[in-house]
1. Between a residue in the range 205-229 that is closer than 30 Å to Tyr353 by Cα and touching a residue at least 24 places away in the same chain (Cβ under 8 Å) and any residue that is of a type outside the set (Val, Ile, Thr) and outside any helix (DSSP H, G or I), which pairs come within a Cβ distance under 7 Å, given they are 6 or more apart or on different chains?
2. Here's a check for you: in the range 187-226, which residue that is among the β-branched types (Val, Ile, Thr), surrounded by fewer than 18 Cβ atoms within 10 Å (Cβ to Cβ) and more than 23 Å from Leu79 (Cα to Cα) is nearest to the chain's Cα centre (by Cα)?
3. Taking the range 432-463 as the search range and keeping residues that are among the aromatic types (Phe, Trp, Tyr) and within 27 Å of the chain's Cα centre (by Cα), which one is nearest to His349 (Cα to Cα)?
4. Hey, Leu415 hits all of (1) over 30 Å from Ala497 (Cβ atoms); (2) crowded, with 24+ Cβ neighbours inside 10 Å but one; which does it fall short on?
5. Determine whether Leu403 is closer than 23 Å to Leu98 by Cβ, crowded, with 24+ Cβ neighbours inside 10 Å and of a type outside the set (Gly, Ala, Ser).
6. Kindly indicate whether any position in the range 372-395 is free of Cβ contacts under 8 Å to residues at least 40 places away in the same chain, of a type in the set (Gly, Ala, Ser) and closer than 19 Å to Ala247 by Cβ.
7. Residue under question is Ile319, and the condition is that it be closer than 24 Å to Lys169 by Cβ, buried (at least 21 other Cβ atoms within 10 Å of the Cβ) and touching a His at 6+ places or on another chain (Cβ under 6 Å); does it hold?
8. Starting from residues that are surrounded by fewer than 24 Cβ atoms within 10 Å (Cβ to Cβ) and in contact with a Gly (Cβ under 8 Å, 6 or more places away or on another chain), keep the ones in the range 368-384 and report whichever is nearest to Met127 (Cα to Cα).
Amino acid sequence: MALDTLGGEDWLVHLAPVLVLLATAMALFLADAIDPDTSNHPAVAGITLLGVLGALGAAVARLLGVGPDIGASLFAGQLVADHAAVLFTVIVTSVTALVVVGSYDYLEDVAHKGAFYSLTLLAATGMVLMAHANSLATVFVALELASLPSYALVAFLKHDRGSVEAGLKYFLIGALSSAIFVYGVSLVYAATGSLLLPEVAAAITEGVDQTGVLGLGVLTMVAGFGFKVASVPFHFWAPEAYEGAPASISGFVSSASKAAGFAIAFRVFTTGFPLEAMQDAGIDWVMVFGVLAVLTMLLGNLAAAVQDNVKRMLAYSSIAHAGYVLIALAALDVGGTYNELVLAGGMLHLFVYGFMNTGAFLFVALAEHWDVGRTFEDYAGLGREAPVACGAVTVMVFSLAGLPVGGGFWSKFMLFAGAVGNGVWWFAAIGGLASAVSLFYYWRLVRALWIDEPTDGGHDIDSTPVALYGAIVVAALVTVVLLGAIGPASEVAHDAAAGLLG
């Protein structure tokens with residue numbers, strides 16, 4: 001899709017979600033600087049939620065056709081505002097809204113609430129910019145803007161040794177992955193002479209002399225993306241970070257951050273490294289993603305199946321879902337009839353996954369709020385004492401498995417159907433097998449909630465955190481609604497995929 005270069009003030013409309021998130025974060029920083037121990041938690045949380053909903057509303061309005069047409073090149077091509085950028089903006093802001101609401105009760109006894117919310121919004125700002133990035137330079141800057149606040153958020157419970165250790169590990173591995181990624185960027189620049197993705201693609205199409213340098217650059221960039229989305233074998237930081245972080249932040253990093261990582265992966269490889277030209281140069285990045293997809297689906301699900309800690313099980317489940325989405329890149333083919341379908345399936349899965357996975361982690365936050373415990377055994381019998389929340393998480397985990405109870409069924413169906421249509425049926429077969437394995441460990445949670453008897457006679461549930469409950473129920477309701485109303489989201493995903501594939 002041809003992009004129009006904007007003049008005047010139209011860029012304000014296209015970047016409205018970014019500007020709203022950034023302005024709200026700055027306002028919260030100011031409030032926290034004036035009164036770091038503010039007791040006015042409802043006001044701080046309310047301002048944060050209004051900012052996130054404002055950004056979400058601006059993105060949805062763009063999808064509904066309000067304002068100038070979608071499809072614009074901004075700041076000499078450094079940023080782009082197309083359907084893919086807007087779709088991923090909706091994903092990130094939706095997850096952020098759930099996390100903000102779900103964190104309200106979770107943070108009740110935690111200091112520096114303003115800093116928590118402002119860091120969350122800054123990370124979301126970086127993630128939205130990642131979706132708009134059209135240059136390897138802006139990709140790196142946006143990636144760091146998203147990553148640095150995330151490190152602090154994972155370690156936010158500074159009196160909790162597990163949280164601090166998780167944040168330190170996340171930071172060290174994140175710094176390493178950033179170095180690997182920027183090294184790859186430098187090699188691509190050396191081979192093509194540009195950082196703008198369309199110009200990189202044009203140079204590769206015309207033919208480059210340093211194909212070895214280009215190939216090494218692409219491979220190291222794949223590794224950098226692999227760290228960001230927690231694909232095997234670059235996943236080892238994720239279980240530790242997700243387990244030690246506040247549960248709401250585990251949902252935020254594993255959903256919004258993963259979606260943003262795939263946003264830049266989709267754009268960089270479909271726009272900057274055109275498949276036919278790359279294969280002519282002897283560089284087959286599709287095969288690399290195919291290997292990563294298979295390893296990530298299998299190892300993520302097998303590792304999740306042997307966990308006794310519920311939060312750690314969800315962490316490995318998140319890794320497995322990265323493998324499913326990798327099919328969107330692994331199943332692409334030169335002239336493939338179903339390229340648009342499989343890429344749209346990956347985007348749609350990230351959209352539905354944002355609600356399913358975030359809701360599941362917020363349920364863990366609810367259990368932590370009640371001091372239920374960490375293992376499946378600790379959750380035994382909880383369904384009889386908190387039926388609404390347990391019913392909601394049951395729907396979400398079954399949808400994560402791909403059962404026809406939520407939108408996860410359709411997104412996996414699109415991914416697998418696209419892979420079969422392009423002649424790489426084995427991705428669908430392995431994905432189906434991996435989904436069957438996931439039913440085992442998801443069922444362990446459901447069985448503990450509804451069937452198993454608690455060993456100590458019950459749980460001491462003495463409060464009803466309304467905000468946390470509300471976020472979980474909303475996530476479950478959206479998941480169910482998307483089973484019957486997947487059409488509009490699917491159309492947006494197809495438009496986004498068509499724009500990236502040109």
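The values are calculated or read from the model by the stated rules, or taken from the named source; none is laboratory data. Just so we're clear, the structure is a prediction, and the values are computed from it rather than from any experiment. Neighbour counts run over all protein chains shown; Cβ positions are idealised from the backbone, glycine included.
1. The qualifying pairs are Val218/Phe273; Ala223/Phe234; Gly226/Phe234; Phe227/Phe234.
2. Checking each candidate, the answer is Val213.
3. Tyr442
4. (1)
5. Taking the combined requirement at face value, the residue does not satisfy it.
6. Scanning the range 372-395 turns up at least one residue that is free of Cβ contacts under 8 Å to residues at least 40 places away in the same chain, of a type in the set (Gly, Ala, Ser) and closer than 19 Å to Ala247 by Cβ.
7. Yes; evaluated as a whole, the condition is true for this residue.
8. Gly383
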